[in-house]
Amino acid sequence: MKHPVKVYLDKGKTYHFCTCGKSADGVLCDGSHKGSVFSPKEFIATRNAEALLCLCKKSTCIPYCDGTHARRQKLDLNFLLD
Ligand code: FES
């Protein structure tokens, strides 16, 4: 399970969220995506504040964490019926 990363964002500053998962910190683009089909998602911070940025890349409100990483996967228990 990949937990979100807490970062401090500066209001009005433009950030580039890593969508490939290969950047050194996993959340902000450092150019490691070059040569892949991925490209960073640009966003502008709307306030000076800490934010939890998604590391699992499955949030519905990228770049922010929505708790998707913590949802339990549905277990396949069909083997019990055999
Ligand atoms: S390093 Fe991941 S999108 Fe740039």
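Where a number appears in this text, it was derived from the coordinates with a stated rule and is not lab data. Since the structure is predicted, the reported quantities are computational estimates derived from the model, not experimental observations. Note that each Cβ is placed from the backbone with ideal geometry, even for glycine, and that neighbours are counted across all protein chains shown.
Observations on the model:
- Around the Cα centre of the chain, unit charges on the Cβ atoms of Lys, Arg, Asp and Glu (plus for the first two, minus for the last two) sum to a dipole of about 100 debye.
- Selection from C54, G35, T14, by position along the positive dipole direction of the stretch 1-74 (Cβ): C54
- Long-range HN-HN contacts of L28 with modeled amide H, under 5 Å: C18
- Rg/Rh, computed from the Cα trace of the chain with Rh as the Kirkwood radius, has the value 1.13.
- Reach of K34 by Cα under 16 Å, taken over lysines that are not fewer than 8 positions away in the same chain: K22
- Distance between the pseudo-spin-label points of Y64 and A49 (7 Å out from Cα toward the beta carbon): 0.7 nm.
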